[in-house]
Amino acid sequence: MIVFISLLILVLMAAVLIISLYPPLGKRPSSLLRSQYQSYPNYNGGKFHNEIPTSKSMKPSEMAKVMADMAKGDPLRKPSSPLETVPFRPEKTGEARVVWLGHSAVWVELAGKTLLLDPMFGRSPSPFPIFGNGRYSRNLPFDISQMGIIDAVILSHDHYDHLDYGTIRKLKDRVRRFIVPAGVSIHLEAWGVKKAAIEEYGWGETTEFEGLKLVCAPARHFSGRNVIGENSSLWCSWIIEGGGEKLFFSGDSGYGPHFREIGGKYGPFDLTLIECGQYDDRWRDIHMLPEQSVQAHLDVRGKRMVPIHWGAFTLAVHDWHDPINRVVRAAEQRGVELATPRIGEPVAFRSERLPSSVWWK
(Lines give C-alpha, C1' and ligand atoms only; values in the text may rest on other atoms or scores of the structure.)
Protein backbone atom coordinates (compact mmCIF):
# COMPACT_ATOMS: atom_id res chain seq x y z
CA MET A 1 0.00 0.00 0.00
CA ILE A 2 2.82 2.43 0.85
CA VAL A 3 4.52 1.66 -2.46
CA PHE A 4 1.24 2.19 -4.35
CA ILE A 5 0.58 5.54 -2.65
CA SER A 6 4.15 6.65 -3.29
CA LEU A 7 3.85 5.78 -6.99
CA LEU A 8 0.51 7.57 -7.21
CA ILE A 9 2.01 10.71 -5.65
CA LEU A 10 4.93 10.57 -8.10
CA VAL A 11 2.56 10.23 -11.06
CA LEU A 12 0.46 13.15 -9.85
CA MET A 13 3.55 15.30 -9.31
CA ALA A 14 4.81 14.44 -12.79
CA ALA A 15 1.42 15.35 -14.28
CA VAL A 16 1.41 18.71 -12.48
CA LEU A 17 4.93 19.46 -13.69
CA ILE A 18 4.06 18.57 -17.28
CA ILE A 19 0.92 20.71 -17.26
CA SER A 20 2.81 23.61 -15.70
CA LEU A 21 6.09 23.46 -17.60
CA TYR A 22 5.67 21.61 -20.91
CA PRO A 23 5.63 24.44 -23.51
CA PRO A 24 3.22 22.97 -26.12
CA LEU A 25 0.44 22.86 -23.51
CA GLY A 26 0.48 26.66 -23.37
CA LYS A 27 -0.56 28.87 -20.47
CA ARG A 28 -3.71 30.07 -18.78
CA PRO A 29 -4.57 33.80 -18.85
CA SER A 30 -3.27 35.78 -15.90
CA SER A 31 -5.59 37.17 -13.25
CA LEU A 32 -5.14 40.62 -14.83
CA LEU A 33 -6.32 39.35 -18.21
CA ARG A 34 -9.21 37.47 -16.63
CA SER A 35 -10.36 40.65 -14.93
CA GLN A 36 -10.27 42.45 -18.29
CA TYR A 37 -12.39 39.74 -19.91
CA GLN A 38 -15.22 40.49 -17.47
CA SER A 39 -16.31 43.24 -19.87
CA TYR A 40 -17.19 40.67 -22.53
CA PRO A 41 -20.87 39.65 -22.43
CA ASN A 42 -20.04 35.99 -23.12
CA TYR A 43 -17.49 35.70 -20.28
CA ASN A 44 -18.71 34.52 -16.92
CA GLY A 45 -17.27 32.47 -14.07
CA GLY A 46 -13.77 32.56 -15.52
CA LYS A 47 -14.90 31.02 -18.81
CA PHE A 48 -16.13 32.07 -22.23
CA HIS A 49 -19.53 30.78 -23.36
CA ASN A 50 -21.39 30.20 -26.62
CA GLU A 51 -24.36 32.33 -27.64
CA ILE A 52 -26.72 29.35 -27.43
CA PRO A 53 -26.57 26.16 -25.31
CA THR A 54 -23.83 23.97 -26.74
CA SER A 55 -22.83 20.52 -25.56
CA LYS A 56 -19.60 18.72 -26.31
CA SER A 57 -20.00 16.09 -23.62
CA MET A 58 -21.16 12.54 -24.31
CA LYS A 59 -22.63 9.83 -22.17
CA PRO A 60 -20.08 7.25 -21.00
CA SER A 61 -21.63 4.71 -23.37
CA GLU A 62 -21.25 7.11 -26.31
CA MET A 63 -17.66 7.90 -25.36
CA ALA A 64 -16.87 4.18 -25.18
CA LYS A 65 -18.42 3.70 -28.63
CA VAL A 66 -16.33 6.56 -30.09
CA MET A 67 -13.15 5.10 -28.62
CA ALA A 68 -14.05 1.68 -30.00
CA ASP A 69 -14.77 3.19 -33.43
CA MET A 70 -11.44 5.04 -33.45
CA ALA A 71 -9.60 1.88 -32.40
CA LYS A 72 -10.95 -0.11 -35.35
CA GLY A 73 -8.44 1.51 -37.66
CA ASP A 74 -10.64 1.61 -40.78
CA PRO A 75 -8.26 2.04 -43.76
CA LEU A 76 -10.64 4.53 -45.40
CA ARG A 77 -10.08 7.04 -42.61
CA LYS A 78 -6.87 8.15 -44.30
CA PRO A 79 -5.61 8.08 -47.90
CA SER A 80 -4.10 4.83 -49.13
CA SER A 81 -0.95 6.76 -50.11
CA PRO A 82 0.41 10.19 -49.09
CA LEU A 83 -1.39 13.12 -50.69
CA GLU A 84 0.54 15.07 -53.29
CA THR A 85 0.66 18.84 -52.76
CA VAL A 86 1.02 21.61 -55.32
CA PRO A 87 4.31 23.52 -54.86
CA PHE A 88 3.56 27.06 -53.75
CA ARG A 89 5.80 30.11 -53.46
CA PRO A 90 4.53 32.29 -50.58
CA GLU A 91 5.19 35.57 -52.35
CA LYS A 92 3.02 38.56 -53.20
CA THR A 93 1.58 38.60 -56.71
CA GLY A 94 -0.67 41.64 -56.49
CA GLU A 95 -3.74 39.43 -56.94
CA ALA A 96 -6.36 38.87 -54.25
CA ARG A 97 -6.22 35.11 -53.60
CA VAL A 98 -6.28 32.34 -51.03
CA VAL A 99 -4.17 29.18 -50.94
CA TRP A 100 -5.45 26.24 -48.90
CA LEU A 101 -2.51 24.58 -47.12
CA GLY A 102 -4.38 21.62 -45.63
CA HIS A 103 -6.83 21.36 -42.72
CA SER A 104 -7.73 24.98 -41.78
CA ALA A 105 -4.40 26.59 -42.67
CA VAL A 106 -4.81 29.18 -45.42
CA TRP A 107 -2.47 31.70 -47.03
CA VAL A 108 -4.29 34.92 -47.95
CA GLU A 109 -3.10 37.76 -50.17
CA LEU A 110 -5.43 40.72 -49.86
CA ALA A 111 -4.97 44.46 -50.40
CA GLY A 112 -1.23 43.97 -50.77
CA LYS A 113 -0.91 42.14 -47.44
CA THR A 114 0.00 38.53 -46.76
CA LEU A 115 -1.86 36.69 -44.02
CA LEU A 116 -1.76 33.20 -42.57
CA LEU A 117 -4.98 31.84 -41.07
CA ASP A 118 -4.64 29.11 -38.43
CA PRO A 119 -1.18 28.04 -39.64
CA MET A 120 -0.75 24.49 -38.36
CA PHE A 121 2.25 23.03 -40.20
CA GLY A 122 3.26 20.29 -37.74
CA ARG A 123 3.22 16.58 -38.42
CA SER A 124 0.48 15.85 -35.88
CA PRO A 125 -2.16 17.92 -33.99
CA SER A 126 -0.99 16.82 -30.56
CA PRO A 127 1.19 18.12 -27.71
CA PHE A 128 3.03 14.81 -28.08
CA PRO A 129 3.29 14.39 -31.87
CA ILE A 130 4.70 10.88 -31.66
CA PHE A 131 1.31 9.71 -30.36
CA GLY A 132 -0.86 11.77 -32.69
CA ASN A 133 -2.42 11.16 -36.10
CA GLY A 134 0.08 11.94 -38.85
CA ARG A 135 -0.44 14.41 -41.69
CA TYR A 136 -1.76 12.91 -44.92
CA SER A 137 0.92 14.57 -47.06
CA ARG A 138 4.64 13.95 -46.66
CA ASN A 139 5.50 17.56 -47.36
CA LEU A 140 4.00 21.02 -47.14
CA PRO A 141 3.54 22.92 -50.42
CA PHE A 142 6.39 25.23 -49.34
CA ASP A 143 9.41 25.36 -47.05
CA ILE A 144 8.88 27.51 -43.95
CA SER A 145 12.60 28.36 -43.90
CA GLN A 146 12.19 30.07 -47.30
CA MET A 147 9.16 32.08 -46.27
CA GLY A 148 9.58 35.84 -46.21
CA ILE A 149 7.91 38.37 -43.92
CA ILE A 150 4.25 37.67 -43.20
CA ASP A 151 2.15 40.71 -42.44
CA ALA A 152 -0.18 38.97 -40.00
CA VAL A 153 -1.13 35.61 -38.54
CA ILE A 154 -4.81 35.36 -37.65
CA LEU A 155 -5.97 32.62 -35.28
CA SER A 156 -9.48 31.32 -34.58
CA HIS A 157 -8.82 29.44 -31.31
CA ASP A 158 -6.18 27.50 -29.39
CA HIS A 159 -6.82 23.84 -30.26
CA TYR A 160 -3.81 21.83 -31.42
CA ASP A 161 -5.01 21.44 -34.99
CA HIS A 162 -5.16 25.24 -35.32
CA LEU A 163 -2.46 26.56 -33.00
CA ASP A 164 0.75 24.55 -33.11
CA TYR A 165 3.73 25.19 -30.84
CA GLY A 166 6.38 24.13 -33.35
CA THR A 167 4.84 26.17 -36.14
CA ILE A 168 4.66 29.34 -34.06
CA ARG A 169 8.26 28.91 -32.95
CA LYS A 170 9.33 28.73 -36.60
CA LEU A 171 7.13 31.62 -37.73
CA LYS A 172 7.36 34.07 -34.83
CA ASP A 173 10.27 36.12 -36.16
CA ARG A 174 8.77 36.29 -39.66
CA VAL A 175 5.39 37.69 -38.57
CA ARG A 176 4.74 41.39 -38.06
CA ARG A 177 1.43 41.01 -36.23
CA PHE A 178 -0.57 38.27 -34.52
CA ILE A 179 -4.32 38.94 -34.38
CA VAL A 180 -6.11 36.49 -32.09
CA PRO A 181 -9.25 35.97 -29.97
CA ALA A 182 -9.14 36.93 -26.28
CA GLY A 183 -7.01 34.65 -24.13
CA VAL A 184 -4.82 33.23 -26.89
CA SER A 185 -2.08 35.83 -26.48
CA ILE A 186 -0.77 34.16 -23.32
CA HIS A 187 0.24 31.05 -25.33
CA LEU A 188 2.08 33.14 -27.91
CA GLU A 189 3.95 35.15 -25.31
CA ALA A 190 5.04 31.94 -23.55
CA TRP A 191 6.43 30.72 -26.88
CA GLY A 192 8.54 33.80 -27.51
CA VAL A 193 6.26 36.12 -29.48
CA LYS A 194 6.77 39.74 -28.43
CA LYS A 195 3.79 41.17 -26.58
CA ALA A 196 3.84 44.29 -28.74
CA ALA A 197 3.23 42.13 -31.82
CA ILE A 198 -0.02 40.63 -30.50
CA GLU A 199 -3.54 42.01 -30.59
CA GLU A 200 -6.52 40.14 -29.14
CA TYR A 201 -10.24 40.76 -29.51
CA GLY A 202 -13.67 39.66 -28.38
CA TRP A 203 -16.75 39.00 -30.48
CA GLY A 204 -17.96 42.10 -32.30
CA GLU A 205 -14.72 44.01 -31.91
CA THR A 206 -13.19 45.56 -35.03
CA THR A 207 -9.63 46.53 -35.87
CA GLU A 208 -7.86 48.20 -38.78
CA PHE A 209 -4.53 46.84 -39.99
CA GLU A 210 -2.76 48.74 -42.76
CA GLY A 211 -5.70 48.93 -45.14
CA LEU A 212 -7.46 45.82 -43.87
CA LYS A 213 -10.58 45.78 -41.72
CA LEU A 214 -10.97 42.77 -39.44
CA VAL A 215 -13.95 41.81 -37.30
CA CYS A 216 -13.79 39.13 -34.60
CA ALA A 217 -17.12 37.35 -35.01
CA PRO A 218 -18.93 34.55 -33.12
CA ALA A 219 -18.49 30.82 -33.61
CA ARG A 220 -20.05 27.86 -31.79
CA HIS A 221 -17.20 25.84 -30.36
CA PHE A 222 -14.91 25.68 -27.28
CA SER A 223 -11.22 26.06 -26.36
CA GLY A 224 -8.47 24.54 -24.25
CA ARG A 225 -5.16 22.73 -24.57
CA ASN A 226 -5.11 20.49 -21.48
CA VAL A 227 -7.28 19.03 -18.73
CA ILE A 228 -7.51 22.38 -16.96
CA GLY A 229 -8.39 25.79 -18.28
CA GLU A 230 -11.12 24.73 -20.71
CA ASN A 231 -12.85 27.76 -22.30
CA SER A 232 -10.44 30.17 -20.60
CA SER A 233 -9.75 31.60 -24.07
CA LEU A 234 -12.17 32.58 -26.80
CA TRP A 235 -12.97 30.90 -30.14
CA CYS A 236 -14.16 32.92 -33.11
CA SER A 237 -14.68 33.39 -36.82
CA TRP A 238 -13.12 36.30 -38.74
CA ILE A 239 -14.30 38.81 -41.30
CA ILE A 240 -11.44 40.24 -43.35
CA GLU A 241 -12.02 43.08 -45.79
CA GLY A 242 -9.63 45.01 -48.01
CA GLY A 243 -8.94 46.04 -51.58
CA GLY A 244 -12.61 45.86 -52.44
CA GLU A 245 -12.84 42.18 -51.38
CA LYS A 246 -14.49 40.59 -48.37
CA LEU A 247 -13.55 37.21 -46.87
CA PHE A 248 -15.27 35.09 -44.20
CA PHE A 249 -13.24 32.53 -42.23
CA SER A 250 -15.42 30.26 -40.09
CA GLY A 251 -12.82 28.81 -37.74
CA ASP A 252 -14.34 25.76 -36.02
CA SER A 253 -18.05 25.93 -35.39
CA GLY A 254 -21.23 23.98 -34.99
CA TYR A 255 -24.14 25.27 -37.01
CA GLY A 256 -26.16 28.06 -35.40
CA PRO A 257 -28.00 31.35 -35.89
CA HIS A 258 -24.74 33.33 -35.73
CA PHE A 259 -24.09 32.62 -39.41
CA ARG A 260 -27.29 34.33 -40.51
CA GLU A 261 -26.58 37.20 -38.11
CA ILE A 262 -23.09 37.63 -39.57
CA GLY A 263 -24.51 37.58 -43.10
CA GLY A 264 -27.11 40.17 -42.23
CA LYS A 265 -24.64 42.52 -40.57
CA TYR A 266 -21.45 42.04 -42.58
CA GLY A 267 -22.34 40.21 -45.79
CA PRO A 268 -22.28 39.58 -48.62
CA PHE A 269 -18.84 37.92 -48.90
CA ASP A 270 -16.84 37.42 -52.08
CA LEU A 271 -15.27 34.24 -50.68
CA THR A 272 -15.88 32.01 -47.67
CA LEU A 273 -13.57 29.51 -45.97
CA ILE A 274 -15.85 27.17 -44.05
CA GLU A 275 -15.08 24.04 -42.04
CA CYS A 276 -16.63 20.81 -43.29
CA GLY A 277 -14.73 17.90 -41.72
CA GLN A 278 -14.04 16.06 -38.46
CA TYR A 279 -17.77 15.88 -37.77
CA ASP A 280 -20.02 13.35 -36.09
CA ASP A 281 -23.67 13.40 -35.07
CA ARG A 282 -22.43 12.90 -31.50
CA TRP A 283 -20.66 16.28 -31.51
CA ARG A 284 -22.57 18.21 -34.15
CA ASP A 285 -23.01 21.14 -31.71
CA ILE A 286 -19.32 21.99 -32.11
CA HIS A 287 -18.55 20.79 -35.67
CA MET A 288 -20.94 21.20 -38.59
CA LEU A 289 -22.01 18.38 -40.83
CA PRO A 290 -20.98 19.07 -44.47
CA GLU A 291 -24.52 19.95 -45.55
CA GLN A 292 -24.65 22.49 -42.72
CA SER A 293 -21.36 23.94 -43.97
CA VAL A 294 -23.02 24.75 -47.30
CA GLN A 295 -25.99 26.22 -45.45
CA ALA A 296 -23.62 28.36 -43.37
CA HIS A 297 -22.10 29.69 -46.59
CA LEU A 298 -25.57 30.65 -47.79
CA ASP A 299 -26.43 32.16 -44.40
CA VAL A 300 -23.44 34.53 -44.42
CA ARG A 301 -24.34 35.42 -48.02
CA GLY A 302 -21.19 34.06 -49.59
CA LYS A 303 -20.54 34.07 -53.34
CA ARG A 304 -17.80 31.43 -53.58
CA MET A 305 -16.89 28.77 -51.03
CA VAL A 306 -13.65 26.94 -50.25
CA PRO A 307 -14.17 23.97 -47.86
CA ILE A 308 -11.55 23.67 -45.11
CA HIS A 309 -10.87 21.57 -41.97
CA TRP A 310 -10.31 18.37 -43.94
CA GLY A 311 -7.60 16.69 -46.03
CA ALA A 312 -4.80 16.67 -43.45
CA PHE A 313 -5.60 14.67 -40.31
CA THR A 314 -7.96 11.98 -39.03
CA LEU A 315 -9.82 13.45 -36.06
CA ALA A 316 -13.17 11.72 -36.50
CA VAL A 317 -14.52 8.33 -37.58
CA HIS A 318 -15.78 9.24 -41.06
CA ASP A 319 -13.88 8.28 -44.22
CA TRP A 320 -11.24 10.88 -45.02
CA HIS A 321 -12.91 12.02 -48.26
CA ASP A 322 -16.50 12.01 -46.95
CA PRO A 323 -16.47 15.75 -46.06
CA ILE A 324 -15.62 16.93 -49.56
CA ASN A 325 -17.91 14.41 -51.27
CA ARG A 326 -20.86 15.54 -49.16
CA VAL A 327 -20.04 19.24 -49.59
CA VAL A 328 -19.83 18.84 -53.38
CA ARG A 329 -23.23 17.14 -53.49
CA ALA A 330 -24.84 19.74 -51.23
CA ALA A 331 -23.28 22.61 -53.20
CA GLU A 332 -24.62 21.20 -56.47
CA GLN A 333 -28.10 20.82 -54.96
CA ARG A 334 -28.08 24.37 -53.56
CA GLY A 335 -26.46 26.10 -56.55
CA VAL A 336 -23.34 27.12 -54.59
CA GLU A 337 -20.19 28.09 -56.49
CA LEU A 338 -17.61 25.76 -54.93
CA ALA A 339 -13.81 25.60 -55.29
CA THR A 340 -12.06 22.27 -54.67
CA PRO A 341 -8.36 23.16 -54.84
CA ARG A 342 -5.54 20.74 -54.19
CA ILE A 343 -3.39 21.57 -51.19
CA GLY A 344 -1.20 24.44 -52.36
CA GLU A 345 -3.36 25.42 -55.35
CA PRO A 346 -4.35 29.13 -55.44
CA VAL A 347 -7.94 30.34 -55.64
CA ALA A 348 -8.24 33.90 -56.96
CA PHE A 349 -11.12 36.06 -55.76
CA ARG A 350 -11.84 37.33 -59.28
CA SER A 351 -10.97 34.24 -61.32
CA GLU A 352 -13.53 33.31 -63.97
CA ARG A 353 -12.88 29.61 -63.32
CA LEU A 354 -12.42 28.00 -59.93
CA PRO A 355 -10.39 24.82 -59.27
CA SER A 356 -12.94 22.04 -59.63
CA SER A 357 -11.10 18.76 -60.16
CA VAL A 358 -12.20 15.72 -58.16
CA TRP A 359 -8.56 15.11 -57.21
CA TRP A 360 -9.26 13.11 -54.04
CA LYS A 361 -10.71 10.25 -56.14
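So here's what we get for this one:
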quantity: Residues of the range 116-132 satisfying the condition of being under 21 Å from Glu91 (Cβ atoms) and hydrophobic (A, V, I, L, M, F, W, C); calculated: Leu116, Leu117, Phe121
quantity: Any hit, the range 230-238, residues being farther than 19 Å from Ile52 by Cβ, open to solvent by less than 40 Å² (accessible area, probe 1.4 Å) and under 15 Å from the mean Cα position of the chain (by Cα); calculated: yes
quantity: Residue match in the range 195-216 (condition: over 22 Å from Val153 (Cβ atoms), open to solvent by less than 40 Å² (accessible area, probe 1.4 Å) and in a loop (DSSP other than H, G, I, E, B)); calculated: no
quantity: Identity of the residue in the range 43-64, of a type in the set (D, E, K, R) and either assigned to a strand (DSSP E or B) or touching a residue at least 12 places away in the same chain (Cβ under 8 Å) (or both), that ends up surrounded by the most Cβ atoms within 10 Å (Cβ to Cβ); calculated: Lys47
quantity: Within the range 268-285, tally of residues that are surrounded by 20 or more Cβ atoms within 10 Å (Cβ to Cβ) and either without any contact (Cβ under 8 Å) to a residue 24 or more places away in the chain or in a loop (DSSP other than H, G, I, E, B) (or both); calculated: 5
quantity: Qualifying residue in the range 30-39 (condition: modelled with pLDDT of 95 or more, out of contact with any helix residue (DSSP H, G or I) (no Cβ under 8 Å at 6 or more places or on another chain), open to solvent by less than 60 Å² (accessible area, probe 1.4 Å) and of a type outside the set (Asp, Glu)); calculated: yes
quantity: Subset of the range 99-145 that is in a helix (DSSP H, G or I) and among the aliphatic types (A, V, I, L, M) - its residue that is least open to solvent (accessible area, probe 1.4 Å); calculated: Ile144
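The values are calculated or read from the model by the stated rules, or taken from the named source; none is laboratory data. Source: prediction; values computed, not measured. Here Cβ is always computed from backbone atoms with ideal geometry, including for glycine, and neighbour counts include all displayed protein chains. Protein only, heavy atoms only, side chains kept; ligands, DNA and RNA dropped before computing areas. Shrake-Rupley method; radii C 1.70, N 1.55, O 1.52, S 1.80 Å.
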